[in-house]
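Notes for the one structure printed next.
The values are calculated or read from the model by the stated rules, or taken from the named source; none is laboratory data. For clarity, every value in this text was computed on a predicted model and none was experimentally measured. Cβ coordinates were reconstructed from backbone atoms using ideal geometry, including for glycine residues, and neighbour counts include every protein chain displayed. For the accessible areas, the whole protein counts, side chains as well, though only heavy atoms, and no ligand, DNA or RNA atoms are used. Shrake-Rupley method; radii C 1.70, N 1.55, O 1.52, S 1.80 Å.
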Amino acid sequence: MHIPDGFLDPKMSSGLLGAAAAILGYCLAKVMRAVTAVVPQRVLAAVGNSLGNVSMAGRRVLTKVGEEKLLQMGTVASIIFAVQMFNFPVNSGTSGHLVGGVFAAVLLGPFAGAVVLSVVLVVQSLFFADGGLMALGANIINMAVIGSFGSYYIYVGLKIQFNEAICVAIAAWFSVILAAFACAVEIGLSGTIGLRDVFAAMVKVHAVIGIAEAAITVFLIRVFRPGEPS
Amino acid sequence: MKKGLPFSIAVVVLAGAFASQNPDGLEKVAEILGFAGKATNRWAIMFAYRIHFLGTTKFSAILAGICGVGIIYGLFWVCAGVFSRLAGKKSTVA
């Protein structure tokens, strides 16, 4: 579902690039806050050490848990990249691949999940020409932001009623459909092709790909989830 | 999570050997609706998940995939290392 350059109107591409940068910046700030902690530094008064702490200044440092979380993010990103490489056949000469939004968001949370998927998309675009450079914003919005946030909150909402595997499967299916929907809207509004035509075709193909996404995501979360969901 | 990297490498090897070469969902839609030609290709060091000098062999795809896994994991590993160093003596705050 990686949009190449040329499918989107330049205004659409640059607008989405700006939106993706802003959202990603916010997500990165949230992740940085989660992996670091403020360590107070004692500033002793010039009048004498006996006064002890008279003011507290702090600086953010990476915690041990934070370091583990960063490495965990790296592992999840590697898994998503690898599984995305494995295109599986779908009907009538079409293939599909994992998006991975639910996998990342359930394991790491939606903010870290969006960052992880964005890193994968940037590497795919820069090193493998999989997805355009100008279309990178659109791809980040569709797969990383909608894939992580949209589906994560579907997952959270469903968890009240259903068991884990069903929630993951439904959220994963929706992550593909929602990403395909967004992709179709972007292409349609760019004037590349009629919105109604591209919308119908994208949703039809991705409804099937979403079933595989659901199955793969359930499997991956079973294998890689460290413990009980928090 | 420790099995994550070996798992990624294993998947990349399988993908290099067995992944479908059919167009993906968006590519297929673009073909059917006739706007596939609007896509502009550009050069990339591992274009189409292949190492240039190894051609389009399966080995080339596997090696490109392993490079991708290495680049992605390496980015996070370097970030963790740099932040630890910047912090000087690492905090033990959990």
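Listed values, structure above:
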read-out	value
Total residues in segment B:1-21, condition assigned to a helix (DSSP H, G or I), more than 7 Å from every other protein chain (Cβ to nearest Cβ) and not aromatic (Phe, Trp, Tyr)	6
Scope segment B:46-63; condition open to solvent by 70 Å² or more (accessible area, probe 1.4 Å) and at pLDDT below 90; matching residues	B:52, B:53, B:56
Enumeration of residues in segment A:152-201 that are without any contact (Cβ under 8 Å) to a residue 24 or more places away in the chain and in contact with a His (Cβ under 7 Å, 6 or more places away or on another chain)	none
Index of the failed condition, residue A:148 passing every other in (1) within 14 Å of another protein chain (Cβ to nearest Cβ); (2) closer than 25 Å to residue A:5 by Cα; (3) without any contact (Cβ under 8 Å) to a residue 60 or more places away in the chain; (4) in a helix (DSSP H, G or I)	(1)
Per-region count, segment A:79-94, residues open to solvent by less than 10 Å² (accessible area, probe 1.4 Å) and either farther than 22 Å from residue B:9 by Cβ or among the β-branched types (Val, Ile, Thr) (or both)	3
Residue selected from segment B:22-51 under the condition of a type in the set (Phe, Trp, Tyr) and not in a helix (DSSP H, G or I), by the criterion farthest from the other protein chains (Cβ to nearest Cβ)	B:43
Unmet requirement for residue A:204, which otherwise passes all of (1) more than 19 Å from the chain's Cα centre (by Cα); (2) within 11 Å of another protein chain (Cβ to nearest Cβ); (3) crowded, with 18+ Cβ neighbours inside 10 Å	(3)
Residue check, residue A:225 open to solvent by 60 Å² or more (accessible area, probe 1.4 Å) and in contact with a helix residue (DSSP H, G or I) (Cβ under 8 Å, 6 or more places away or on another chain)	no
Qualifying positions in segment A:57-91 - assigned to a loop (DSSP other than H, G, I, E, B) and within 8 Å of chain B (Cβ to nearest Cβ)	A:63, A:86, A:87
Search result, residues across segment B:14-39 that are among the polar types (S, T, N, Q) and either modelled with pLDDT of 95 or more or under 20 Å from residue A:201 (Cα atoms) (or both)	B:22
Failed item, numbered, when residue B:2 is tested on (1) over 17 Å from the mean Cα position of the chain (by Cα); (2) open to solvent by less than 30 Å² (accessible area, probe 1.4 Å); (3) more than 22 Å from residue A:122 (Cα to Cα)	(2)
Odd one out for residue A:204, checked against (1) of a type outside the set (A, V, I, L, M); (2) touching a residue at least 40 places away in the same chain (Cβ under 8 Å); (3) out of contact with any Ser or Thr (no Cβ under 9 Å at 6 or more places or on another chain)	(2)
Filtered residues of segment A:1-40 (kept if within 11 Å of chain B (Cβ to nearest Cβ) and of a type in the set (Ser, Thr, Tyr))	A:36
For residue A:162: the one exception among (1) more than 14 Å from every other protein chain (Cβ to nearest Cβ); (2) assigned to a helix (DSSP H, G or I); (3) among the aromatic types (Phe, Trp, Tyr)	(2)
Selection status of residue B:45, in contact with a His (Cβ under 9 Å, 6 or more places away or on another chain), of a type outside the set (Asp, Glu), free of Cβ contacts under 8 Å to residues at least 12 places away in the same chain and within 14 Å of residue A:127 (Cβ to Cβ)	yes
Enumeration of residues in segment B:62-76 that are facing chain A (nearest Cβ under 8 Å) and in contact with a Gly (Cβ under 6 Å, 6 or more places away or on another chain)	B:65, B:73, B:76
Looking only at segment A:111-145, and only at residues there that are assigned to a helix (DSSP H, G or I) and small (Gly, Ala, Ser), the one that is nearest to residue A:181 (Cα to Cα)	A:138
